[in-house]
Amino acid sequence: INQVAVAEAMLLGTSLGLSPSLLASVINNSTGRCWPSAVNNPVPGALPGQSPPCERDFKGGFAAKLMLKDMNLALNAADSVSVPLPLGNSSVKVYEDVTKDDDLAGRDFSVVFRHLQKLQQGKA
């Protein structure tokens, strides 16, 4: 869920002209700080001196298809005890779309950023 939110925020901010490193710095020095923004940021250049998967074309890391599997396990567990997970359901739909692209499915789950870029460009 957080990785999708960070990807959305980074795409919006960079599309509005903010540099990835400045935007990441603002997020990481505010209440938006989280593991996906501070460690696994999906935008190249956002974390100078660090090497998240986006710096390696999203190779390595935890595959998007495995994230989808785990998210579905969480949804099934929640369903078994009648716990609503509206954000979880929304994020699963996003990762279902990500993993339909064979090129993205095996890459780190932060590749959701590339998926959103494709949607922005009308290519997904």
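The values are calculated or read from the model by the stated rules, or taken from the named source; none is laboratory data. Predicted, not measured: the structure shown is a model, and the values here were computed from it. For neighbour counting, all protein chains shown are included, and Cβ atoms are generated from backbone atoms with ideal geometry for every residue, glycine included. The protein model used for the area step is the full one, side chains on, heavy atoms only, and it has no ligands, DNA or RNA in it. Shrake-Rupley method; radii C 1.70, N 1.55, O 1.52, S 1.80 Å.
Please go through the range 1-57 and give me each residue that is of a type in the set (Gly, Ala, Ser) and either within 17 Å of Arg107 (Cβ to Cβ) or touching a Leu at 6+ places or on another chain (Cβ under 8 Å) (or both), ordered by number. Ala7, Ala9, Gly13, Ser21, Ala24, Ala38, Ala46, Ser51 - these are the residues of the range 1-57 that are of a type in the set (Gly, Ala, Ser) and either within 17 Å of Arg107 (Cβ to Cβ) or touching a Leu at 6+ places or on another chain (Cβ under 8 Å) (or both).
Scanning the range 25-57 for residues being more than 25 Å from Leu87 (Cα to Cα) and open to solvent by less than 10 Å² (accessible area, probe 1.4 Å) gives a total of 1. Open to solvent by 40 Å² or more (accessible area, probe 1.4 Å), out of contact with any Gly (no Cβ under 8 Å at 6 or more places or on another chain), without any contact (Cβ under 8 Å) to a residue 12 or more places away in the chain and in a helix (DSSP H, G or I): does that describe Asp70? Considered against the rule, which asks whether it is open to solvent by 40 Å² or more (accessible area, probe 1.4 Å), out of contact with any Gly (no Cβ under 8 Å at 6 or more places or on another chain), without any contact (Cβ under 8 Å) to a residue 12 or more places away in the chain and in a helix (DSSP H, G or I), Asp70 comes out as yes. Among residues of the range 78-96 that are closer than 23 Å to Val6 by Cβ, those with a Cβ under 6 angstrom from a residue that is among the β-branched types (Val, Ile, Thr), sequence gap 6+ or separate chain, pair up as Leu87/Ile1; Ser91/Ile1; Ser91/Val4; Val94/Val4. The single residue among Leu22, Leu104 that is buried (at least 21 other Cβ atoms within 10 Å of the Cβ), farther than 17 Å from Asn2 by Cβ and either among the hydrophobic types (A, V, I, L, M, F, W, C) or within 11 Å of the chain's Cα centre (by Cα) (or both) turns out to be Leu104.
Against the definition (in contact with a strand residue (DSSP E or B) (Cβ under 8 Å, 6 or more places away or on another chain) and within 20 Å of Asp102 (Cα to Cα)), how does Ala7 come out, yes or no? The answer is no for Ala7.
Is it the case, given these coordinates, that Ser51 is of a type in the set (Ser, Thr, Tyr) and either outside any helix (DSSP H, G or I) or closer than 18 Å to Gln120 by Cα (or both)? Reasoning before the result, please.
Working: of a type in the set (Ser, Thr, Tyr): yes; either outside any helix (DSSP H, G or I) or closer than 18 Å to Gln120 by Cα (or both): yes.
Spelling it out, Ser51 is indeed of a type in the set (Ser, Thr, Tyr) and either outside any helix (DSSP H, G or I) or closer than 18 Å to Gln120 by Cα (or both).
A search for C-beta distances below 7 Å between a residue of the range 35-59 that is more than 18 Å from Leu22 (Cβ to Cβ) and any residue that is outside any loop (DSSP other than H, G, I, E, B) and β-branched (Val, Ile, Thr), counting only pairs 6+ apart in sequence or on different chains, returns Phe58/Val111.
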